[in-house]
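The values are calculated or read from the model by the stated rules, or taken from the named source; none is laboratory data. Since we're looking at a predicted model, the values are computed, not measured. Ideal geometry is used to build each Cβ from the backbone, glycine not excepted, and the neighbour counts take in all protein chains shown. Please note that ligands, DNA and RNA were not included when accessible areas were found on the heavy atoms of the full protein model with its side chains. Shrake-Rupley method; radii C 1.70, N 1.55, O 1.52, S 1.80 Å.
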Amino acid sequence: QLKKGIGSFYDGSSALWERVWGEHMHHGYYPVGSKRNDHQKAQEDMIDEVLKWARQPGEPAPVRVLDVGCGIGGSTRHLAREFGCEGRGITLSPYQARRANEISAQAGMADRLSFQVADALDMPFEDESFDLVWSLESGEHMPDKAQ
């Protein structure tokens, strides 16, 4: 029931969010004292800042990325451009999965990115399928945090 409600919420709201926020459905990085007004650049900077914090110096670039709670794929596309990697994204929203695939095709990235409806707590992938698993601002939709 919870999964269906979350998917339905994002099916109904994602088009509006895309018009307002662009391809990233997460907050941006606004350093103290910045007078930034480019929200999309701030969203991309948020991805880069999280990666700086999470990755070890000298760590090889990921080859296969999974974006858990991918929205319409903005972070996945950013990571694919940054690292030249392949990416998969999962979301509970059929609208978001469809839109993420459409935007990726329009960007010429359909050969290395794909998005599907799937549950983060019951993933359809074999263990060790990805060398980077990314999730930004979607954990609140995963009731079993330990899993």
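Within the stretch 3-16, which residues are open to solvent by 80 Å² or more (accessible area, probe 1.4 Å) and of a type in the set (Phe, Trp, Tyr)? Correct list: 9 only. Look through the stretch 60-116, keep the residues that are in contact with a helix residue (DSSP H, G or I) (Cβ under 6 Å, 6 or more places away or on another chain) and of a type in the set (Phe, Trp, Tyr), and return whichever of them is nearest to residue 16 (Cα to Cα). Checking each candidate, the answer is 95. One residue stands out among those in the stretch 101-113 that are surrounded by 16 or more Cβ atoms within 10 Å (Cβ to Cβ) and out of contact with any Asp or Glu (no Cβ under 9 Å at 6 or more places or on another chain): the one that is farthest from residue 15 (Cα to Cα), which is 109. Could you tell me how many of the residues in the stretch 15-55 are part of a loop (DSSP other than H, G, I, E, B), within 19 Å of residue 135 (Cα to Cα) and not hydroxyl-bearing (Ser, Thr, Tyr)? Of the residues in the stretch 15-55, 8 are part of a loop (DSSP other than H, G, I, E, B), within 19 Å of residue 135 (Cα to Cα) and not hydroxyl-bearing (Ser, Thr, Tyr). Here 64, 55 are screened, and the one residue that is farther than 19 Å from residue 120 by Cβ and either open to solvent by less than 40 Å² (accessible area, probe 1.4 Å) or charged (D, E, K, R) (or both) is 55. Is it the case that residue 67 is of a type in the set (Asp, Glu) and in contact (Cβ under 8 Å) with a residue 24 or more places away in the chain? Taking the combined requirement at face value, the residue satisfies it.
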